[in-house]
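Asker: Here's a structure for you.
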Amino acid sequence: MRGMQRVMTAAVLGALMMATSAAAAAQADWPWWRGTNHDGKSPDTGLLKRWPEGGPPKLWQADDIGRGFSTVAVTGGRIYTTGDVGSRSSERVYTDRRGRRRRRSTTTGGRLTLFAFDMDGKLQWKADIDDAWTRNIPGARSTPTIDGDRLYLLSGNGVITCRDARTGKETWRKHTRDFGGRPSTWGYAESVLILGKLAIVKPGGSKCIVALDKMTGDTVWTSSGFRANPEYSSCLPFTFADQQCIATGTRGGIVCVSAADGTLLWSNPWCANNTANCPDPAVADGHVFWANGYGKGGICMKLKDAGGKVGADQAWTTRDMVCHHGGYIIHQGHVYGNHNRGWVCLDLKTGDKKWEGRGVGKGSLCYADGMLYLFGESGGRAGLAVCTPEGFEMKGTFKVAGRGPSWAHPVVIGGRLYLRYDTHLYCFDVKAR
């Protein structure tokens, strides 16, 4: 009897610990792309400083969520992501003009689908959004944006939708073509920015950035003073000299507009006409940093008050952070991010390189509790590294299953690590005991 009582007590305590963990996770918010402050940094503390062999404990995984690179939004006891469901791929062999045999893959059909899970990974609902993006690199792109009881999403084809976050029911719908916009080569990939009463997206063209009333979808302002194709980064809000600004990457380079009316404040043509400009800019300590891939590298702009108007001067450029799409974070005066096939740390004010390391190879990252959470592009490899300019030191690696490139960024919130790879969503417990 005593043995049975001990077993029952242990079971009850285990259930209580799991319930407490789920409740704590439900209290923490990562409501949109790159987290609450749009910087890829989690407020979590008390996390593991080293992973055990084989990685941290897996809490659950959700399968069959469709192809895609959308990461998660976590808020209000729900986890949201998207996937392209039902698409079909085929391959044909052809002979090119030089008589060489080639293979060409084609993807047809499929629907962009929005998923909502509870904190235990159980599906609560799903909603059909739009045709799947089936052209260059098929798969879902944008991460849902949650604002209170509303959800906002941009499809690869350009559909802008506002939905009830509790049910998935649509409230309003717009399209980027309504503003003369069209997707770049790899489709729209940005996530909708909610700023006060505005829902902000980047259709591209002469009305490159558009601010809509988040409740109705009505147009509040369109950007002016420049024209550019949208490319793939999201809009980044920040405040400088008591003025609210929005910075983003475009086909024509980096631009910054007033959040009040969309007028151009400053721009720089670094990365103009690059093969693709993917990462978001990052802002800290009066500096704006932006880096891209395809051999380009990064630029740092120093903000200034130019007679009551926000301006910026080019501080430095670098080839030491060639960042395709894995992004970077800024922490305590240093930039940490993907560089070619590995990782690098740069001094924010000077651009000086502090270290370079291989880790899990080329990939994406986020920050939490003094650590860098890395997710490799190939093979589903996740890694943990110390966030310090003193040197690159790994503290654990493990793998998750899937096929193809893993381009969704990792998310750490509520003591949990979320990894999206292929048609799977994984959830791990990274809380220190």
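Asker: Answer yes or no as to whether residue 238 is in contact with a Leu (Cβ under 8 Å, 6 or more places away or on another chain), surrounded by 15 or more Cβ atoms within 10 Å (Cβ to Cβ) and not acidic (Asp, Glu).
Answerer: So residue 238 fails the test.
Asker: Mind checking which pairs have a first residue in the stretch 320-331 that is without any contact (Cβ under 8 Å) to a residue 40 or more places away in the chain and a second that is crowded, with 22+ Cβ neighbours inside 10 Å and small (Gly, Ala, Ser), Cβ under 6 Å, 6 or more apart or different chains?
Answerer: These pairs meet every condition: 321/291; 321/298; 321/337; 322/293.
Asker: Something else about it: Looking at the stretch 304-330, which of the residues that are of a type in the set (A, V, I, L, M) and part of a loop (DSSP other than H, G, I, E, B) is most open to solvent (accessible area, probe 1.4 Å)?
Answerer: Restricting to residues being of a type in the set (A, V, I, L, M) and part of a loop (DSSP other than H, G, I, E, B), the top hit is 322.
Asker: Here is a further query. May I ask you to list the residues in the stretch 265-283 that are open to solvent by less than 20 Å² (accessible area, probe 1.4 Å) and of a type in the set (A, V, I, L, M)?
Answerer: 276, 282
Asker: Still on this structure: Considering only residues that are within 19 Å of residue 187 (Cβ to Cβ) and at pLDDT 95 or above, which ones fall in the stretch 102-123?
Answerer: 111, 112, 113, 114
Asker: Moving to a separate point now. What single numbered condition from (1) under 18 Å from the mean Cα position of the chain (by Cα); (2) under 30 Å from residue 136 (Cα atoms) fails to hold for residue 283?
Answerer: (2)
Asker: What are the pairs, 6+ residues apart or on separate chains, where a residue within the stretch 158-169 that is of a type in the set (Asp, Glu) has its Cβ under 7 Å from a residue that is loosely packed, with under 14 Cβ neighbours inside 10 Å?
Answerer: The qualifying pairs are 164/149.
Asker: Could you check the stretch 1-101 for strands (runs of 3 or more DSSP E) lying wholly inside it with 2 or more residues that are modelled with pLDDT under 95 and among the small types (Gly, Ala, Ser)?
Answerer: The strands (runs of 3 or more DSSP E) meeting that bar are 88-95.
Asker: Turning to a different aspect of this structure: Can you name the number of the only condition in (1) farther than 24 Å from residue 204 by Cβ; (2) in a strand (DSSP E or B) that residue 256 fails?
Answerer: With (1) farther than 24 Å from residue 204 by Cβ; (2) in a strand (DSSP E or B) applied to residue 256, the lone miss is (1).
Asker: Looking only at the stretch 339-359, filter to residues that are open to solvent by less than 10 Å² (accessible area, probe 1.4 Å), in contact with a His (Cβ under 7 Å, 6 or more places away or on another chain) and outside any loop (DSSP other than H, G, I, E, B); which one of those is nearest to residue 284 (Cα to Cα)?
Answerer: Top of the filtered list is 346.
Asker: Within the stretch 285-303, can you find the residues that are open to solvent by 20 Å² or more (accessible area, probe 1.4 Å), part of a strand (DSSP E or B) and either closer than 14 Å to residue 233 by Cα or in contact (Cβ under 8 Å) with a residue 40 or more places away in the chain (or both)?
Answerer: None - no residue of the stretch 285-303 is open to solvent by 20 Å² or more (accessible area, probe 1.4 Å), part of a strand (DSSP E or B) and either closer than 14 Å to residue 233 by Cα or in contact (Cβ under 8 Å) with a residue 40 or more places away in the chain (or both), so the list stays empty.
Asker: Which of the residues belonging to the stretch 215-232 are outside any loop (DSSP other than H, G, I, E, B) and open to solvent by 30 Å² or more (accessible area, probe 1.4 Å)?
Answerer: 219, 220, 222, 224
Asker: Here is a check on your reading of the model: is residue 212 open to solvent by 20 Å² or more (accessible area, probe 1.4 Å) and closer than 25 Å to residue 71 by Cα?
Answerer: The answer is no for residue 212.
Asker: In the stretch 124-154, which residue that is among the aliphatic types (A, V, I, L, M) and under 18 Å from residue 183 (Cβ atoms) is modelled with the lowest pLDDT?
Answerer: 137
Asker: Among the residues of the stretch 272-282, is any free of Cβ contacts under 8 Å to residues at least 60 places away in the same chain and not in a loop (DSSP other than H, G, I, E, B)?
Answerer: no
Asker: Looking at (1) part of a loop (DSSP other than H, G, I, E, B); (2) open to solvent by less than 60 Å² (accessible area, probe 1.4 Å), which is the one condition that is false for residue 199?
Answerer: Failed condition: (1).
The values are calculated or read from the model by the stated rules, or taken from the named source; none is laboratory data. What you see is a predicted model, and the numbers here were worked out from it, not measured in a lab. So basically every Cβ, Gly included, is an ideal-geometry build from the backbone, and we count neighbours across all protein chains shown. The protein model used for the area step is the full one, side chains on, heavy atoms only, and it has no ligands, DNA or RNA in it. Shrake-Rupley method; radii C 1.70, N 1.55, O 1.52, S 1.80 Å.
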